[in-house]
Amino acid sequence: MPVNAFSPLSKSMELPTLPKGMSPAIWPTPPSNYYGQFRPTPRVYLAGPDVFLPQEDRVEIEARKKAICAKYGFEGVFPTDNQADLRGLAPYEQGIAISQADERTMDSCDLVVANATPWPVHPTDQKRVGLSTDVGTAFEMGYMRAQHKGVFAYSNVPINFFERMSQWLQGNVNPRLTEPWFKVDANDHMIDATQHPDNLMLPGGVHNSGGVWITQPVDNPKERFTDLNAFEQVVAEAAKRYHTLDAVG
């Protein structure tokens, strides 16, 4: 069972009738193949800082994640599966080419499962967790949400966003009485204290897409980005949403 599931899944492929004045964007949307573009094996874009791991670890993680996706009736797709041709390009141009290739890959996928484990790893103290989801991963989650595709996420750090911010600010935060869901730092800058696993827009996007965000603690810091227990739980939940287990028996 999930250690901490922040968002319920839609249990039906039927779109509900909207209450008067309510935006359809808050309702879980069906997968792209719902609209007649049938894909026997939905494609999952596997977002996350996994691509930044040492090559040996990255190759192993990619293989394990793809195997888990196949187990639940999905095709796992990594950003590195659609390599851009970087020959003869300056570093800035290389970055643009990579970003364009990643967007094309996301366009070809039906949903995203993101590794939202806070990034990066502290250079001298691996027990210290990162502050937030990798910013590229956050963009990719938003990109898929904007296409009304399913957004799912997992994290191997159970400490919520506000607690991580408080640690980073060494506890120098105060409540703002008029807005109890925010607190302020020493510069009177507001801090998201909504108790979500990350900045509220990320879990909000997951929830609004009909996805799920699962966290679990990983005690060994060296396994924080390689432990796939929470990842598999998320893929299993996505399989219920997309009915892919029917195809694999």
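Quick note: the coordinates plus some simple rules give every number you see, no bench work behind them. Small disclaimer: the values here were computed from a predicted structure and weren't measured. As a convention, Cβ positions derive from the backbone with ideal geometry for all residues, glycine included, and neighbour counts pool all protein chains shown.
Going by C-beta contacts inside 10 Å, put PHE161, PHE74 in order with the fewest on the left. Walk me through the intermediate numbers first.
Numbers: PHE161 23, PHE74 26.
By the 10 Å Cβ count, ascending: PHE161, PHE74.
So what is the relative contact order for segment 85-169, in percent, with contacts set as C-alpha pairs under 8 Å and at least six apart?
30 percent
Which order results if GLU163, GLU56 are arranged by neighbouring Cβ count within 10 Å, fewest first?
GLU56, GLU163
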